[in-house]
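Here it is, the structure, as structure tokens.
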Amino acid sequence: MTQATAQVPESLEYRTEVRQLLDILAHSLYTEREIFLRELISNSSDALNRMQFEMLTNSDVVDHDLELAVTLRADRESKILTISDSGVGMNKEELVQNLGTIAHSGARSFLQGAKEQGKTLDEVIGQFGVGFYSVFMVAQEVTVTSRSHRPEDQAWSWHSTGESSYELTPAGKTSRGTEITIKLKDDADEFVNGWRLEQIVKKHSDYVSFPIYLLETKEVDSEDGEGEKESAESRRVINKRTALWRQSPQGVEAAQYTEFYKQLTFDFEDPLLHIHLITDAPVNMRSLLFIPSRRNRGLMSAQSEHGLRLYSRKILIQNRNRELLPDYFRFVEGVVDSEDLPLNVSREVVQSNPNIRQIRSALSKRIIRELKSLADADPEKYAKFWEQFGIFVKEGVASDPASQESLVALLRFHSSKSSPDEWVTLAQYAERMSSDQEQIYYVLGEDVKSVARSPHLDYFRANDIEVLYLVDPIDGYMTSMLREYEGKSLQNVDDAGLKLPEKETAESGEKVAQSDFDALVGRVKAVLGERVTDVRESKQLVNNPARLVSPENEFDRDLQRIRRLMEQDFQTPKKILELNRGHGLVKNLADLVQHDGENRLIDATIEQLFANALLMEGIHPNPAEMVERIQMLMEAAIPGA
Ligand code: ADP
Ligand code: MG
């Protein structure tokens with residue numbers, strides 16, 4: 001092949017999803033277009049980090065001694081902005097792979113998010129970031145020229161106008177790294193303005209750990225004094241580059257933490273809490289952790305995207321290390337830097353390092369401690385934390401026996417004695433218990449409104465005993481692992497063998513005669529058959545006609561609700577149906593069985609009582625099944641005139 005034929009550009013089509021994304025970006029009236037620069041600098045910084053890491057073990061790279069840096073060159077005349085770096089670079093295949101498809105998970109979520117109703121582009125970009133393609137918000141034309149760090153690779157240029165295809169051409173670049181040349185759109189010429197670039201870098205990329213140079217060409221009077229113009233270049237570093245986590249906390253201002261958090265996570269909201277932890281023994285560690293203010297920043301749905309940024313002696317070892325915190329703290333963001341980790345090891349070895357375990361234990365203890373102080377000092381803010389991240393704490397209580405005791409203090413509940421916006425701790429509950437109450441009672445259910453109506457609460461209401469409302473799917477998992485609090489056992493109120501304090505037995509009105517009641521029980525057993533394990537009189541119901549209780553040996557009952565959500569072939573568990581002998585409906589039904597045993601309303605009412613009880617337990621397999629029967633009962637209740 002001759003040089004000339006090799007220079008003919010190869011034209012390639014973008015994948016469909018890229019075209020869709022480009023279309024949205026190019027035609028958006030997005031007000032914060034400046035974030036394209038954040039995205040490109042963050043890519044450069046990633047490439048530089050990878051280069052630094054590579055050079056720990058491999059010295060056979062192109063331009064071994066080249067400074068690791070990013071350079072912005074702004075040319076006002078031609079409205080061309082160039083962003084270059086001395087990072088790992090890309091060969092031809094990598095250019096196609098990385099810039100022709102959507103590898104970036106954020107961009108995929110972006111596409112989904114943008115389709116969702118009610119979300120503005122600003123919000124979606126703020127949450128997910130869109131990566132490289134965001135450049136087309138400001139560019140007419142983009143050329144990416146890259147020389148990989150691998151000596152055997154060739155330099156290539158990638159060129160696109162943001163339409164349906166891009167072109168590849170061999171390039172003459174000899175120095176290592178990537179150079180992105182942007183021909184700005186006419187309305188985007190602010191981005192060749194030096195002070196504007198500096199302002200954007202300060203806002204979004206100040207803490208990038210490599211120097212970001214700004215190179216400006218300016219027209220200056222020539223020195224010969226004849227009014228001639230000459231262009232001159234100035235070059236200076238415009239980012240701070242401080243490793244904030246290595247500074248003493250006394251010297252860091254709150255606003256710096258917030259700014260750092262935003263630059264680290266691309267979150268547009270302030271964090272709820274920051275934790276700056278410096279230790280030298282037993283392990284050397286500089287760490288800066290953040291609790292975001294919201295759970296859903298696209299993070300928790302993309303399970304692959306959690307973990308802390310791990311540095312060893314200022315060199316980035318891993319972007320998202322998951323060993324540094326227990327899994328249930330996966331909502332925590334931040335940076336950990338330790339001198340006690342070996343540098344020239346593979347990332348896999350880092351994971352099995354004993355110092356990592358030390359760090360993990362120190363970090364989680366500190367997080368728990370900080371959350372406790374927050375709860376004491378600022379209950380309102382803690383409530384915000386709890387609403388967003390409470391389920392993770394519950395997961396921790398269930399899954400980490402070693403930390404269970406300290407995590408329990410962080411738990412909050414609604415209860416039969418709290419107002420809907422009030423949170424109760426286990427300590428408060430224990431404090432309010434009367435002297436003859438031995439257990440801590442809870443009811444499991446779908447949501448606060450429905451558990452508040454639970455027939456299980458009849459007795460507890462009548463006797464002024466507090467019951468905790470456990471309404472998160474994970475609660476059943478938690479209670480199956482958390483059996484007691486300060487010597488008092490936690491007790492589900494649906495337990496058939498509940499040992500209740502000797503109080504006045506709660507009863508409402510006259511009871512139906514024993515023989516009539518027995519006949520009714522026989523009829524209910526015949527109708528429900530195998531679907532219940534027993535039918536019997538309740539000792540606890542007051543206002544409700546019926547309820548389902550769990551047989552005493554039903555060890556997994558707290559897990560039934562979560563299993564119903566997760567298992568396709570979930571079988572409705574068999575329980576004991578209890579009837580209230582003093583309830584009007586039960587009395588009338590017993591009466592009807594006695595005097596008009598063939599009446600079709602009897603069996604329908606029994607079925608519906610059972611369906612209601614299942615519904616209240618949150619385990620009805622198919623509520624729509626009830627509609628036909630309810631209509632029939634309504635017709636019977638409203639006879640024609
Ligand atoms: P993300 O950074 O989340 O992976 P981007 O769309 O920003 O997504 O970038 C896509 C990919 O292109 C990157 O993962 C990287 O492999 C490659 N890339 C982008 N910019 C550079 C660069 N300056 N140097 C080396 N590779 C780059
Ligand atoms: Mg990126």
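Name every residue in the range 207-231 that is open to solvent by less than 20 Å² (accessible area, probe 1.4 Å) and modelled with pLDDT under 75, in order of residue number.
Matches in the range 207-231: Ser222 only.
Is there a residue in the range 398-408 that is more than 28 Å from Pro326 (Cα to Cα) and among the small types (Gly, Ala, Ser)? Please lay out each step first, then the result.
Looking only at the range 398-408, we keep the residues that are more than 28 Å from Pro326 (Cα to Cα), and these are none.
No.
Continuing with the same structure: Being within 16 Å of ligand 2 (Cβ to nearest atom) and touching a Leu at 6+ places or on another chain (Cβ under 8 Å) narrows it down to one of Asn43, Asn49, so name that one. Don't jump to the end; show me each part of the working.
Details: Asn43 fails: touching a Leu at 6+ places or on another chain (Cβ under 8 Å).
Matching residue, one of Asn43, Asn49: Asn49.
While we're on this one: Considering only the range 161-172, I want to know if a residue exists there that is open to solvent by less than 40 Å² (accessible area, probe 1.4 Å), out of contact with any Leu (no Cβ under 9 Å at 6 or more places or on another chain), over 30 Å from Lys314 (Cα atoms) and not in a strand (DSSP E or B).
yes
If you scan the range 69-89, which residues turn out to be open to solvent by less than 30 Å² (accessible area, probe 1.4 Å) and not in a strand (DSSP E or B)?
Ala69, Ser86, Gly87, Val88, Gly89
Taking Leu48, is it under 27 Å from Asp267 (Cβ atoms), away from ligand 1 (no atom under 13 Å from the Cβ) and open to solvent by less than 10 Å² (accessible area, probe 1.4 Å)?
Values: under 27 Å from Asp267 (Cβ atoms): yes; away from ligand 1 (no atom under 13 Å from the Cβ): no; open to solvent by less than 10 Å² (accessible area, probe 1.4 Å): yes.
Against the criterion (under 27 Å from Asp267 (Cβ atoms), away from ligand 1 (no atom under 13 Å from the Cβ) and open to solvent by less than 10 Å² (accessible area, probe 1.4 Å)), Leu48 does not qualify.
Testing Trp156 on (1) within 16 Å of ligand 2 (Cβ to nearest atom); (2) modelled with pLDDT of 85 or more, one condition comes back false. Which one is that?
The one condition Trp156 does not meet is (1).
Exactly one condition in (1) assigned to a helix (DSSP H, G or I); (2) open to solvent by less than 30 Å² (accessible area, probe 1.4 Å) is not met by Lys203; state its number.
Only one criterion in (1) assigned to a helix (DSSP H, G or I); (2) open to solvent by less than 30 Å² (accessible area, probe 1.4 Å) is unmet by Lys203, namely (2).
List the strands (runs of 3 or more DSSP E) inside the range 217-300, counting only whole elements, that have at least 2 residues being on the phi > 0 side of the Ramachandran plot, assigned by TED's automatic domain parsing to the domain that holds Val130 and free of Cβ contacts under 8 Å to residues at least 24 places away in the same chain.
Details: elements: 229-237, 273-279, 285-291.
In the range 217-300, no matching strands (runs of 3 or more DSSP E) lie anywhere.
Here is a follow-up. Taking the residues in the range 130-156 that are of a type outside the set (A, V, I, L, M, F, W, C) and in a helix (DSSP H, G or I) as candidates, determine which candidate is nearest to ligand 1 (Cβ to nearest atom). Full working, then the answer.
Taking the range 130-156 first, the residues of a type outside the set (A, V, I, L, M, F, W, C) are 131, 133-134, 140-141, 143, 145-154.
Now drop any that are not in a helix (DSSP H, G or I), which leaves 131, 133-134.
Working: Gly131: 2, Tyr133: 6, Ser134: 8 Å.
So, considering only residues that are of a type outside the set (A, V, I, L, M, F, W, C) and in a helix (DSSP H, G or I), the one nearest to ligand 1 (Cβ to nearest atom) is Gly131.
Take Arg561 and decide whether it is modelled with pLDDT under 95 and either open to solvent by 30 Å² or more (accessible area, probe 1.4 Å) or farther than 30 Å from Asn588 by Cα (or both). Please lay out each step first, then the result.
Details: modelled with pLDDT under 95: yes; either open to solvent by 30 Å² or more (accessible area, probe 1.4 Å) or farther than 30 Å from Asn588 by Cα (or both): yes.
Criteria met by Arg561.
Now for a different question. Residue check: is Lys575 open to solvent by less than 30 Å² (accessible area, probe 1.4 Å) and more than 14 Å from Ser480 (Cα to Cα)? Let's see the steps before the verdict.
Values: open to solvent by less than 30 Å² (accessible area, probe 1.4 Å): yes; more than 14 Å from Ser480 (Cα to Cα): yes.
Against the criterion (open to solvent by less than 30 Å² (accessible area, probe 1.4 Å) and more than 14 Å from Ser480 (Cα to Cα)), Lys575 qualifies.
Next up: Looking for whichever is open to solvent by 20 Å² or more (accessible area, probe 1.4 Å), closer than 30 Å to Ala398 by Cα and modelled with pLDDT of 85 or more here; the options are Ser489, Ser550, Ser515. Which one fits?
Details: Ser550 fails: open to solvent by 20 Å² or more (accessible area, probe 1.4 Å); Ser515 fails: closer than 30 Å to Ala398 by Cα.
None of the other options fit; the residue is Ser489.
Please tell me if Asp85 is in contact with a helix residue (DSSP H, G or I) (Cβ under 6 Å, 6 or more places away or on another chain) and at pLDDT 95 or above.
Working: in contact with a helix residue (DSSP H, G or I) (Cβ under 6 Å, 6 or more places away or on another chain): yes; at pLDDT 95 or above: yes.
So Asp85 passes the test.
The values are calculated or read from the model by the stated rules, or taken from the named source; none is laboratory data. Note that the coordinates shown come from a computational prediction; the quantities given were computed from them, not determined experimentally. Quick reminder, even Gly has a Cβ in these numbers, built from the backbone with ideal geometry, and neighbours come from all protein chains shown. Quick note on the areas: whole protein, heavy atoms, side chains included, nothing else; ligands and nucleic acids left out. Shrake-Rupley method; radii C 1.70, N 1.55, O 1.52, S 1.80 Å.
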